[in-house]
Amino acid sequence: MALLQISEPGGKPIQPVRKRAVGIDLGTTNSLVAARCGGSVECLPDDQGECLLSSIVYYRKGKEPLVGSAAKSEMIANPGDTIASVKRLLGKSLSEIKAERQFIPYDFNEGRDDQTPAIRTADGDKDPVIISSDILKCLVRRAEDCMQGALDGAVITVPAYFDDAQRQQTRDAARLAGLKVLRLLNEPTAAAVAYGLDSQDQGNVIVFDLGGGTFDVSLLSLQKGIFEVLATGGDTNLGGDDFDYLLADWIRNSASSEIDYDADASAHTSLLHQANQAKHRLSESPVVEVEHQGQSLQIDNIRFAQLCESLLDRTLLICTRVLRDAGKKIEDIDNIVLVGGATRMPIIRSAVAEFFGKESMTEIDPDKVVALGAGIQADILIGNKPADSFLLLDVNPLSLGIETMGELVEKIIPRNTTIPVIKAQEFTTFKDGQTAMSIHVVQGERELVSDCRSLARFELKGIPPMVAGAAKIRVEFQVDADGLLSVSARELSKGMSAEIVVKPSFGLNADTIEQMLSSSQMNAKNDMKIRALKEAQLEARQLIDATINAIDADSSLLNEPEKKSIAAIIEKLNLAITQDEQIKIHALTEQLNRISGDFAARRMDLHVSEALRGESIEKLEKS
Ligand code: AMP
């Protein structure tokens, strides 16, 4: 699009100022920054001409931290002060970090588990937000040098599976680095943008993203230039590094080394480095030699694929799940986009091609594709390009809902709903005269609250006292484009309202999400049974309460045998409720309903005639 030439009074043309916006791929292993330079969006290099910045930070006492390759070379000499793969620590508690990884060469400050865990370094305690912001600051300096001025905003990419806590800490890191976040963008979505897939008319695209430490698969559907993420799946603990570990094991075992790698951190690091180099060379040639402890070992891609069979299977299993979630078959997939340095491995490319029955798109450097997409999106969001160029839609990974009576979950936004989204549902009070309602926000696929994850609780007060079931409470869930959730509740007659923004301090990782999904599938039948029982118990309890209240108010309308028979049914029903006997609960509820229905009709007659005599409209309403 041509820039408009506007004339000043003196006739000198002025140029509208182009705003400086960048796209940043904050990766587990490497990070990049991209921006529009002249006609196209490009990855910006450092003064050595390198675009990839190793996501490694080395802390020295009282000095500026070193970031990138300078820090990488300190990994062996100063493993405790050189922090790598910090993305894996974002949004997690110390106990979660420890549960996930057996070996971490860092000295964590053992604070409270609900605090952000910090690593003790020579330059003081550094938490994942600070460490990530040091990586971002390095990219910001690079971009400001290249673009000759301060940045106006940035789009930062995150794995599709990042939860609220991880997204929030990414934003915090950006803010700490002095960046204005225009938007957090899912990495696979950014990759599809880089390939310009919005220019196609329609089709289904798989974005297969295997980075250093995380794996994401997304299924995008293209319709008339608009694309939507139909489903996502992934594993935040599966990446190119895991192939290094298996290759390192193979080197260690094949060379029958005497070294105790578990006790010697620097020997462990150099073994991993050697494995990583061998893995890279296997992408160039079918057979490679590895020199280790004076021995010469040989490995080819066939043996490498055998060693890594379980990892390959894990990636394909996740692809199967994503297809299933999106309701698509392999034949429905038109394009496969490979993202992340680890997809250069021939063993990955052939496994993916065999699974989908077609070759993948690989023209754009898989290390740069996400940053380029983010750069394109940043350019649009800052207003340098028409905003209608494309529309991005993402999905939420797990259902969101609230707790209802009986500890049951009412789902308000089902999983894989396109975001941003607003959905509302009406609820009512359970007890007569109830003036407050506790709203418990949960996330997960199961029917019972105890099997889901609690996100937040808040209270709606000031509900005008009414009979049970008369109040109308509108609960609204809003998930913004970054996946952050706000929940509000409003009483419709008086308009009292309360709301909360959900930023859970520590979130879920993809493994936990996968576990939650598979446990919901495994337990689906049983959960439905429990739900049916709980609902029957709830209905019965409500009927018992209402009947007792009615008898208290109008006992004169019942004769003694009737009172006795109602009391007997209530007693039996209470027993059936406590003994979880669903069939009996149903039968007795029906019986009580019949008798109390008759009684209710008599009460109605009485109150109508009272009302007609001008006694009490309120009493009539109540009955
Ligand atoms: P990323 O998080 O996308 O930067 O991922 C980097 C991962 O890609 C690391 O595990 C690298 O070892 C891996 N990688 C980069 N280049 C190659 C290559 N040529 N062959 C195999 N793996 C590679």
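Somewhere in the range 212-219, is a residue within 16 Å of the ligand (Cβ to nearest atom), modelled with pLDDT of 85 or more and assigned to a loop (DSSP other than H, G, I, E, B)? Before the answer, list the steps.
To start, the set of residues in the range 212-219 that are within 16 Å of the ligand (Cβ to nearest atom) comprises 212-218.
The next check asks that each one be modelled with pLDDT of 85 or more; those that pass are 215-218.
Filter once more, keeping what is assigned to a loop (DSSP other than H, G, I, E, B): none.
Within the range 212-219 (the criterion being within 16 Å of the ligand (Cβ to nearest atom), modelled with pLDDT of 85 or more and assigned to a loop (DSSP other than H, G, I, E, B)), the answer is no, since none of the residues qualifies.
Being part of a loop (DSSP other than H, G, I, E, B), within 16 Å of the ligand (Cβ to nearest atom) and of a type outside the set (A, V, I, L, M, F, W, C), is that true of even one residue in the range 175-184?
Pass one, the range 175-184, residues part of a loop (DSSP other than H, G, I, E, B): 177-180.
Remaining after also requiring within 16 Å of the ligand (Cβ to nearest atom): none.
No, every residue in the range 175-184 fails to be part of a loop (DSSP other than H, G, I, E, B), within 16 Å of the ligand (Cβ to nearest atom) and of a type outside the set (A, V, I, L, M, F, W, C).
If we scan the range 181-189, do we find a residue that is within 23 Å of the chain's Cα centre (by Cα), over 25 Å from Asn237 (Cα atoms), crowded, with 24+ Cβ neighbours inside 10 Å and of a type outside the set (Lys, Arg)?
No, there is no match, as no residue in the range 181-189 is within 23 Å of the chain's Cα centre (by Cα), over 25 Å from Asn237 (Cα atoms), crowded, with 24+ Cβ neighbours inside 10 Å and of a type outside the set (Lys, Arg).
Given the conditions (1) more than 16 Å from the ligand (Cβ to nearest atom); (2) in contact with a helix residue (DSSP H, G or I) (Cβ under 9 Å, 6 or more places away or on another chain), report the number of the one that Lys423 does not fulfil.
(2)
Looking only at the range 329-341, which residues are touching a strand residue (DSSP E or B) at 6+ places or on another chain (Cβ under 7 Å), outside any strand (DSSP E or B) and at pLDDT 95 or above?
Once the filter is applied, which keeps residues that are touching a strand residue (DSSP E or B) at 6+ places or on another chain (Cβ under 7 Å), outside any strand (DSSP E or B) and at pLDDT 95 or above, the range 329-341 yields Asp332, Ile333.
Taking only pairs six or more apart or across chains, which ones have beta-carbon atoms under 8 Å, a first residue in the range 144-170 that is within 23 Å of Glu42 (Cβ to Cβ) and assigned to a loop (DSSP other than H, G, I, E, B), and a second residue that is among the β-branched types (Val, Ile, Thr) and modelled with pLDDT under 90?
If the second residue must be among the β-branched types (Val, Ile, Thr) and modelled with pLDDT under 90, the pairs left are Asp152/Ile382.
In the range 255-267, which residue that is in a helix (DSSP H, G or I) and touching a residue at least 60 places away in the same chain (Cβ under 8 Å) is nearest to Gln293 (Cα to Cα)?
We begin by selecting, within the range 255-267, every residue in a helix (DSSP H, G or I); these are 265-267.
In the following step, the residues that additionally are touching a residue at least 60 places away in the same chain (Cβ under 8 Å) were identified as 265-266.
Values: Ala265: 17, Ser266: 15 Å.
The residue in question is Ser266.
For the range 421-477, which fully contained strands (runs of 3 or more DSSP E) count at least 2 residues that are open to solvent by 40 Å² or more (accessible area, probe 1.4 Å)?
The strands (runs of 3 or more DSSP E) meeting that bar are 421-427, 453-460.
Could you tell me how many of the residues in the range 51-66 are touching a Phe, Trp or Tyr at 6+ places or on another chain (Cβ under 8 Å) and part of a strand (DSSP E or B)?
Taking the range 51-66 first, the residues touching a Phe, Trp or Tyr at 6+ places or on another chain (Cβ under 8 Å) are 65-66.
Those still in the list that are part of a strand (DSSP E or B) too: 66.
The total comes to 1.
Please work out which one of (1) open to solvent by 50 Å² or more (accessible area, probe 1.4 Å); (2) within 23 Å of Ser85 (Cβ to Cβ); (3) within 15 Å of the ligand (Cβ to nearest atom) is the condition Glu284 fails and give its number.
(2)
Here are the criteria: (1) outside any loop (DSSP other than H, G, I, E, B); (2) of a type outside the set (D, E, K, R); (3) closer than 25 Å to Gly23 by Cβ; (4) within 16 Å of the ligand (Cβ to nearest atom). Tell me which single one Ala248 does not satisfy.
Result: Ala248 passes all but (3).
Residue-by-condition table, conditions (1) at pLDDT 85 or above; (2) open to solvent by 10 Å² or more (accessible area, probe 1.4 Å):
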position	(1), (2)
Ala143	yes, no
Ala150	yes, yes
Val205	yes, no
Phe208	yes, no
Gly225	no, yes
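Looking only at the range 352-379, count how many residues are in contact with a Ser or Thr (Cβ under 7 Å, 6 or more places away or on another chain) and either more than 25 Å from Gly153 (Cβ to Cβ) or free of Cβ contacts under 8 Å to residues at least 60 places away in the same chain (or both).
Taking the range 352-379 and keeping what is in contact with a Ser or Thr (Cβ under 7 Å, 6 or more places away or on another chain), we get 352-353, 366, 370, 374.
Within this subset, residues satisfying the condition of being either more than 25 Å from Gly153 (Cβ to Cβ) or free of Cβ contacts under 8 Å to residues at least 60 places away in the same chain (or both) are 352-353, 366.
Number satisfying all stated conditions: 3.
Quick one: how many residues across the range 28-49 are at pLDDT 90 or above and within 13 Å of the ligand (Cβ to nearest atom)?
4
Output the residues belonging to the range 256-271 that are open to solvent by less than 40 Å² (accessible area, probe 1.4 Å) and within 16 Å of the ligand (Cβ to nearest atom). Write out each step before concluding.
Quick first cut of the range 256-271, residues open to solvent by less than 40 Å² (accessible area, probe 1.4 Å) only: 257, 261, 265, 267, 269, 271.
Across the range 256-271, the qualifying residues are Thr269, Leu271.
The values are calculated or read from the model by the stated rules, or taken from the named source; none is laboratory data. Source: prediction; values computed, not measured. Cβ: placed from backbone, ideal geometry, glycine included. Neighbour counts: every protein chain shown. The area values use the complete protein model at the heavy-atom level, side chains included, leaving out ligands, DNA and RNA. Shrake-Rupley method; radii C 1.70, N 1.55, O 1.52, S 1.80 Å.
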